[in-house]
Amino acid sequence: KGLSMKPEGVGVVISPWNFPIAIACGGIAAALAAGNTVIFKPSSDAVLCGYMLCQCFWEAGVSQNTLQFAPSDGSVAGEHLVGDWGVDFVIFTGSEGTAHEILKRRPDILLCAETGGKDATIVTAMADRDQAIKNVVASAFNNSGQKCSATSLLVLERELFEDEDFKKTLVDAAASLEVGSAWDLQNRVAALIQPAKGKLQHALEHLEEHETWALAPIYADHDNPYMLKPSIRWGTQKGDFCHAKELFGPVLSVMCAENLQEAIDLVNATGYGLTSGLESLDEREQEIWKEKIIAGNLYINRVTTGAIVRRQPFGGMRNSSVGAGIKAGGVNYVTQFMYMQYEAPVNEAVAIHPYYERIKSMQIDADALKPHHEKALGMVDHFAYWMKAEFFKEHDESQIRGESNLFTYRPVASLLLRLEAEDLLEEMLCSIAAAKMAKIRLHLSISPQQTANLECIQNNAKLILDRHDRMVIEDENQLIASIRGVQRVRFLRPEYVTEAMYESVASSSIHIAAQPFIACGRLEILHYFMEQTISNAYHRYGNLGLRGLKVKEE
């Protein structure tokens, strides 16, 4: 009620070869559902799949003007599609480098990008060892390790790392996978998309001094360079080439950690944050891992691949994501590709939050600002309702017996909120309240162009900010320097963001959220959180255990 929407305009969907139908279809469908027109550029290795997908849309009634098929070389697409100022947004899945090249060409473009990862599974001494080996082998070598979600790092607690039986079983399981043509049904691992080159070739040809091959790389089918068998590097250490480099091939690097905390540190040190797995039957370890691991899709006691729409919406954090971090296949995905306005009364859904009293206690000297202050109080209550009802709540829409699939929100670690002279007082106060209710470390950047609204914020800084927050008056150069030190930036109007500001973050994963402020808490608060899914296969070989008894009682 009261929400109006219109499309962003023209979107370009650039899809990868390793999911030539699923990822492409998701991007196209989301953009079309929001009312946009779409130019679809598939990977050069998946042009036929892309064309057949477009035919499905066209035959279903989508106009060829609304969905246009544009196969091309990547450099040509960069120049003539992404570089065209008639394009309003890009949905991209591919390498981190390519995503940053898109931003360098069009720093202001609305980019929704999933950029791969260096995904890891941690196995502790409290794991079911046979189950762990089964899950790791499937996660690492199915699809020849050519999924962005594939486990390419295995971090073992020392007890397991030094267990020769565990090592032998892992190697035997990987070596037993039949490699060859997909048309031969006995084969479990099929072809590479192309012969090994670049980082994958380096990983196959070089070992660190402290590494050994637990399972050396060889080719099947008469040394066919497309048929690479699974291989396992043993003894990889922090900082090694294979610790942080995404390889996109059937190569598993095994590391040793003294305990769970060190294992988590090794995984987080890669800089990526797409998928991550844990094999442990200890619920205490599971809770520690969920709290400290940084990744968009978490998996407990199951494979790290095979995410399903709605059940495990897909998308990462840090170097695995460029943009707002809203997950594909999730409930919020389509909101990125439309322009929204909200005119309903803000007191439709309210909840009292302790921060409300801080806003209420503000000293308002100017009579002209008091109506704006009153309006802000109603909006803060509305925001508090949605914090409780949506953002501080775990959601399991699928309700699968034996496997929980929680959709959660994690607040961004640090936020720069820029307040300009033309921003309304109620928008400023609501934005500050959203950050503080989410417990975000806030850098409040104030425009040098002083107004009564900005002076009101400054005069009440000690009341509305916490001791670890900062509030500073900054010109553009100072603002650009500050942007480099936070995880996310929020402007309340897109016209305030200059080209220089966009260019300053083009080579990083810092997201500038510049959509106009919207008074609907369910939508505005999305700027302050990252999305995360946690999939936990809690059954034991079909036995639901204590959780099953609890479900039965309910």
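The values are calculated or read from the model by the stated rules, or taken from the named source; none is laboratory data. None of these values were measured; they are calculated from a predicted model. All Cβ positions, glycine included, derive from the backbone under ideal geometry; neighbour counts span all protein chains shown. With ligands, DNA and RNA removed, areas are computed over all heavy atoms of the protein, side chains included. Shrake-Rupley method; radii C 1.70, N 1.55, O 1.52, S 1.80 Å.
So here's what we get for this one:
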read-out	value
Derived scalar couplings ³J(HN,Hα) [region 209-216; Karplus, 6.51 cos²θ - 1.76 cosθ + 1.60; whole Hz; x for Gly, Pro]	4, 8, 9, 9, 8, 6, 9, 6
For the chain, size of Cβ-based charge dipole, Lys and Arg +1, Asp and Glu -1, in debye	720
Nearest-0.05 FRET efficiency for E291 and T498, computed from C-beta distance (R0 45 Å)	0.75
Loop sites in region 187-225: GluC sites (Glu not before Pro), DSSP, at most 13 other Cβ within 10 Å	E209
Heavy-atom SASA rank of H527, H206, H243, H80 (probe 1.4 Å, accessible area, largest first)	H80, H206, H527, H243
Longest exposed-site-free window of the chain, the sites being chymotrypsin sites (Phe, Trp or Tyr not before Pro) in a DSSP loop that have at most 11 other C-beta atoms within 10 Å	184-540
Rough spin-label spacing in nm, given labels placed 7 Å along Cα→Cβ, for D282 and V331	3.5
Residue-span extension gain [A413 to D396] - 0.36 nm each, minus C-alpha spacing	3.7 nm
Distance (nanometres) between label positions extended 7 Å along Cα→Cβ at L424 and A29	3.7
Q201-N65 pseudo-label distance in nm [points 7 Å out on the Cα-to-Cβ vector]	4.8
Heavy-atom accessible area ranking, 1.4 Å probe, most first, across D265, D423	D265, D423
Under the Karplus curve 6.51 cos²θ - 1.76 cosθ + 1.60, θ = phi - 60°, whole-Hz ³J(HN,Hα) for region 388-402, x wherever Gly or Pro sits	6, 7, 10, 8, 9, 10, 8, 10, 10, 6, 7, 6, 8, 5, x
Residue-wise HN-Hα coupling along region 511-518, computed from phi with Karplus coefficients 6.51, -1.76, 1.60 (Hz; x: Gly, Pro)	9, 9, 8, 10, 5, x, 4, 10
Rounded to 5, the percent of DSSP beta bridges in the chain classed as antiparallel	30
Electrostatic dipole magnitude of region 429-532 [Cβ: Lys, Arg +1; Asp, Glu -1; Cα centre; debye, to 20]	520
Gyration tensor verdict on the chain (Cα atoms; rounded if a/c is under 1.5, prolate if a/b is larger than b/c, oblate otherwise)	prolate
Tensor-based shape of region 111-194 (alpha-carbon gyration tensor, a/c under 1.5 rounded, otherwise prolate or oblate)	oblate
